[in-house]
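The values are calculated or read from the model by the stated rules, or taken from the named source; none is laboratory data. Keep in mind the model is a prediction, meaning the values are calculated, not measured. Here the Cβ is made from the backbone with ideal geometry for all residues, glycine too, and neighbour counts use every protein chain on show. We work out accessible area using only protein heavy atoms, side chains counted, and drop any ligands, DNA or RNA first. Shrake-Rupley method; radii C 1.70, N 1.55, O 1.52, S 1.80 Å.
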Amino acid sequence: MMLTIGRRLALAILLFTYASELAAEVSRIEFERRETLSSEQTSVRYEALYGTLYFTLDPSAPGNQRVHDIGLAPVNADGLVEFSSDFKLLVPDRAIASDALLYHVNNRGGSRLPPEISLTHPLTGLGYTYLVTGWINELTPGENRYRLHAPIVGTETEPVTGQVRYEIIVGSAGNDESINGEGHLAYTPTAAGLLNATLTARLNQSDPRVPVPREDFTLNVSAVEGANQPLVTLNLKGGLQPGVIYELIYEAQDPVLGGAGMAAIRDIVSLLRYGTNDVALTTQVATLGLPALEHSVSWGNSQSGRLLRLFLYEGFNADLDGRRVFDGVMPVIAGAGFGMFNNRFAMPTRTNGQHENQLYPNDYFPFTYGDSTDPYTGRTDGILAKARSSDTEPKVMHIQTSNEYWIRGGSLPHTDPLGESDAVIPDNVRFYAIGGSQHGSGSGRPGAPSGGQLPNNPNMWSPFADSLLVSLVNWVKDEALPPESVYPKIADGTLVPSHLPDGTINFAAWNPLPGVKHPKAMYKVGYANFGERFLSQGIVDHHPTTTDQYYEPMVPRVGRDNNDQPGNTLLPALTAVPLGTFVPWNLRSVASGADTELARLAGGYVPFPRTPEEAEANKDPRIAISDLYSGFEDYLRRYEAATDELIRKGYLLPAFKETLMAIARGNQGSF
């Protein structure tokens, strides 16, 4: 792909006196550069624009009350809160332009869009306009990192303070570790917080916390150029040991206005969709070269999918004039969670898991899109409740892998909270559970273990998510119904507990294999009471560290070979026509410590025995490859037939077939 760099534009385009006086405003757009994306392989071209969006928020606007702590943010002479966000906009050539705007929620500042991956990518030729904006303030500055630049709430004379909690886990022995993870900033300790900070250590979540003497650890706080949050590192006498959970608690000050990131998404998408009645602004927006945008869809993976769930739940899908922001929303591999995106002392990067970050305010009721009732509070709610009441409900596709069932409470969005019955799925919601996969889409090629005891699960599922994204756009644009939902259910026995009441593994969830250790537990979402102000004001008044009240997630039933099954999961051909067991979980490696615990977001792979003799020698109960297939050509024929069936049913675009067939052709060495 060739990038033709346009001249740097040192101009700031002043935007926006909206018809509504209470509107949040895009006050100006500064362009840093333009590029033309072109290739000799295709006539498809895109114009890429990069720069900074500047916003103002009126704290008195009812819609802006969704941004927690907005009343404590500094204001300008007009009484408005100012902030900015990095952005990227990809505009298609007029010859292929669609009327659909696709907003990609970046993950930790990173985003690669189909036209950037390749101008021959199956989605590129469909002519969508793509937009990315920064929504996370705690990222360190870096190239191609799209960041939010939010103000600190409070003042120098009256700073906002509160307790913060960090977990630090390293995969190898080290020291001077960033308490919020590599590439992420933290919150400034107060003088008292620095003096009285506490640190505990334990190997497993259920182990007693062992206090570390204050004189044995130091916190180093460093300013970072271009950021208003500091880098805070932990130095421990004797060093940090792999797998150990170090829990740090201190009083901090100067939280940022984290919810401004969601307000920015709302307001820039609203502007590009609906425009303004200001003539000068209309002329200025026209210089962006956008096609007429009649529809908008957003998608995001993992953390970004959790952001979309919270965006809907907190009512941000209604703009300040009450119009729908996104017509379609696709949270991908989000599991049951939200995130610390719009609360005081927000920590967007925190992700709860079986070994890490339990009881952080990320995973909490409600989990379902329709209404359900919390057994621990009696509260009835649903993710789409606010959108339903404001008539701004989007169409939703919730996509996850079997890995999210084990490590992210993935069944809770489609069951009741205690796992006793299936939830009623609203008509505007689809669920797709991709079987035999781990959190991140693989290359299709098994490799050596990396951080887990098993090789990583190689299943490539991203073509299915991309294909379903196109289905979502068509559902929004043309009311073309997407493929039927595919997910495991309690009612038909395809959704089962991972373990039995006595703590042993449930053979419906995993048949033990020689030489393969299985999990002692899956991740369960615990009920936590963060205080009376949490839901209404985003303030965590206390940090629970234990609970005896848990919601009950479940996992897909597996077959004899431990693979997920067709009918209750969407199976790529690599798993539908398998050469091994595509494990939806992995255990931490011995070298990374805590090797009885689930590896973070990872799956595994165990190849089938090639012959019955090999199976017998290894006491492997699974069927040998030579008994499954008459030879490589038989395997290839079945694999292609499974791929064609997925295309016929609408789960896969035909243009992705060759990518998947290339994986199969590379498996000849297994025969």
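Within the stretch 129-172, the set of residues being farther than 30 Å from PRO115 by Cβ and among the acidic types (Asp, Glu) comprises GLU156, GLU158, GLU167.
Quick one: in the stretch 25-38, which of the residues that are open to solvent by 20 Å² or more (accessible area, probe 1.4 Å) and touching a Lys or Arg at 6+ places or on another chain (Cβ under 9 Å) is nearest to LEU57 (Cα to Cα)? Per the stated criteria, the residue is GLU32. Looking across the stretch 444-454, the residues that are in contact (Cβ under 8 Å) with a residue 60 or more places away in the chain, open to solvent by 30 Å² or more (accessible area, probe 1.4 Å) and in contact with a Pro (Cβ under 8 Å, 6 or more places away or on another chain) come down to ARG445, PRO446, PRO449. Looking only at the stretch 384-435, residues that are open to solvent by 20 Å² or more (accessible area, probe 1.4 Å) and either in contact with a Pro (Cβ under 7 Å, 6 or more places away or on another chain) or among the β-branched types (Val, Ile, Thr) (or both) come to 4 in all. Scanning the stretch 496-515 for residues that are assigned to a loop (DSSP other than H, G, I, E, B), of a type in the set (A, V, I, L, M) and buried (at least 16 other Cβ atoms within 10 Å of the Cβ) yields ALA508, ALA509, LEU513. None of PRO483, PRO488 is modelled with pLDDT of 95 or more, surrounded by fewer than 19 Cβ atoms within 10 Å (Cβ to Cβ) and under 20 Å from MET330 (Cα atoms) except PRO483. When the stretch 53-100 is filtered for residues that are among the aliphatic types (A, V, I, L, M) and assigned to a loop (DSSP other than H, G, I, E, B), the ones remaining, listed by number, are ALA61, VAL67, ALA73, VAL75, ALA77, LEU80, ALA95, ILE96, ALA97.
Results for (1) surrounded by 19 or more Cβ atoms within 10 Å (Cβ to Cβ); (2) in a loop (DSSP other than H, G, I, E, B), shown as yes or no for each residue.
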position	(1), (2)
PRO544	no, yes
ASP548	no, yes
PRO578	yes, yes
PHE582	yes, no
TRP585	yes, yes
ALA591	no, yes
ASP595	no, yes
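Would you be able to tell me the number of residues in the stretch 422-451 that are under 23 Å from THR392 (Cα atoms) and assigned to a loop (DSSP other than H, G, I, E, B)? Counting residues in the stretch 422-451 that are under 23 Å from THR392 (Cα atoms) and assigned to a loop (DSSP other than H, G, I, E, B) gives 6. Considering the stretch 600-614, and only residues there that are open to solvent by 10 Å² or more (accessible area, probe 1.4 Å) and closer than 30 Å to ASN357 by Cβ, the residue that is nearest to the chain's Cα centre (by Cα) turns out to be LEU601. You will find that of ALA617, ALA641, ALA624, the residue that is surrounded by fewer than 17 Cβ atoms within 10 Å (Cβ to Cβ) and under 38 Å from the mean Cα position of the chain (by Cα) is ALA641 and no other.
When TYR523, TYR527 are checked against the criterion of being among the aromatic types (Phe, Trp, Tyr), surrounded by 14 or more Cβ atoms within 10 Å (Cβ to Cβ) and closer than 18 Å to SER402 by Cβ, a single residue qualifies: TYR523. Answer yes or no as to whether GLY6 is at pLDDT below 95, of a type in the set (Gly, Ala, Ser) and either touching a His at 6+ places or on another chain (Cβ under 6 Å) or surrounded by fewer than 20 Cβ atoms within 10 Å (Cβ to Cβ) (or both). Considered against the rule, which asks whether it is at pLDDT below 95, of a type in the set (Gly, Ala, Ser) and either touching a His at 6+ places or on another chain (Cβ under 6 Å) or surrounded by fewer than 20 Cβ atoms within 10 Å (Cβ to Cβ) (or both), GLY6 comes out as yes. Inclusion of GLU251 among residues that are among the acidic types (Asp, Glu), within 30 Å of GLN65 (Cα to Cα) and in contact with a helix residue (DSSP H, G or I) (Cβ under 7 Å, 6 or more places away or on another chain) is warranted. Does ASP93 meet the test of being touching a Pro at 6+ places or on another chain (Cβ under 7 Å) and surrounded by fewer than 18 Cβ atoms within 10 Å (Cβ to Cβ)? Judged against the criteria, ASP93 is not a match. Entry remark, the stretch 103-118: residues being of a type in the set (A, V, I, L, M, F, W, C) and open to solvent by 10 Å² or more (accessible area, probe 1.4 Å) number 1 in total. Within the stretch 485-507, identify whether any single residue is polar (S, T, N, Q) and touching a helix residue (DSSP H, G or I) at 6+ places or on another chain (Cβ under 8 Å), and answer yes or no. Yes; the residues of the stretch 485-507 include at least one that is polar (S, T, N, Q) and touching a helix residue (DSSP H, G or I) at 6+ places or on another chain (Cβ under 8 Å). When the criteria are applied in full, ASP634 fails the requirement of being charged (D, E, K, R), surrounded by 14 or more Cβ atoms within 10 Å (Cβ to Cβ) and either farther than 19 Å from LEU469 by Cβ or in contact with a helix residue (DSSP H, G or I) (Cβ under 9 Å, 6 or more places away or on another chain) (or both).
Residues in the stretch 185-223 that are in a strand (DSSP E or B) and open to solvent by 60 Å² or more (accessible area, probe 1.4 Å): THR198, VAL210, PRO211, THR218, ASN220, VAL221.
Looking only at residues of the stretch 53-70 that are touching a Phe, Trp or Tyr at 6+ places or on another chain (Cβ under 7 Å) and not aliphatic (A, V, I, L, M), we find that the one that is surrounded by the most Cβ atoms within 10 Å (Cβ to Cβ) is PHE55. From the list LEU535, LEU579, LEU601, the lone residue that is touching a strand residue (DSSP E or B) at 6+ places or on another chain (Cβ under 9 Å) and hydrophobic (A, V, I, L, M, F, W, C) is LEU579.
When the stretch 385-399 is filtered for residues that are of a type in the set (Asp, Glu) and closer than 22 Å to SER485 by Cα, only GLU393 remains. Residue check: is THR157 without any contact (Cβ under 8 Å) to a residue 40 or more places away in the chain, of a type in the set (S, T, N, Q) and open to solvent by 20 Å² or more (accessible area, probe 1.4 Å)? So THR157 fits the description; yes.
Quick grid of which residues meet (1) at pLDDT 95 or above; (2) of a type in the set (S, T, N, Q); (3) touching an Asp or Glu at 6+ places or on another chain (Cβ under 7 Å); (4) under 27 Å from GLN400 (Cα atoms):
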| site | (1), (2), (3), (4) |
| --- | --- |
| PRO609 | yes, no, yes, no |
| PRO612 | yes, no, yes, no |
| LYS619 | yes, no, no, no |
| ASP627 | yes, no, no, no |
| ASP634 | yes, no, no, no |
| THR643 | yes, yes, no, yes |
| LEU646 | yes, no, no, yes |
| LEU652 | yes, no, no, yes |
| ALA655 | yes, no, no, yes |
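If you check LEU660 against the conditions, is it surrounded by 14 or more Cβ atoms within 10 Å (Cβ to Cβ) and within 30 Å of ILE490 (Cα to Cα)? Against the criterion (surrounded by 14 or more Cβ atoms within 10 Å (Cβ to Cβ) and within 30 Å of ILE490 (Cα to Cα)), LEU660 does not qualify. Out of GLY226, GLY181, one residue alone is open to solvent by 50 Å² or more (accessible area, probe 1.4 Å), in a loop (DSSP other than H, G, I, E, B) and at pLDDT 95 or above. It is GLY226. Within the stretch 550-576, being of a type in the set (Ser, Thr, Tyr) and either in a loop (DSSP other than H, G, I, E, B) or surrounded by 21 or more Cβ atoms within 10 Å (Cβ to Cβ) (or both) holds for TYR551, THR569, THR575.
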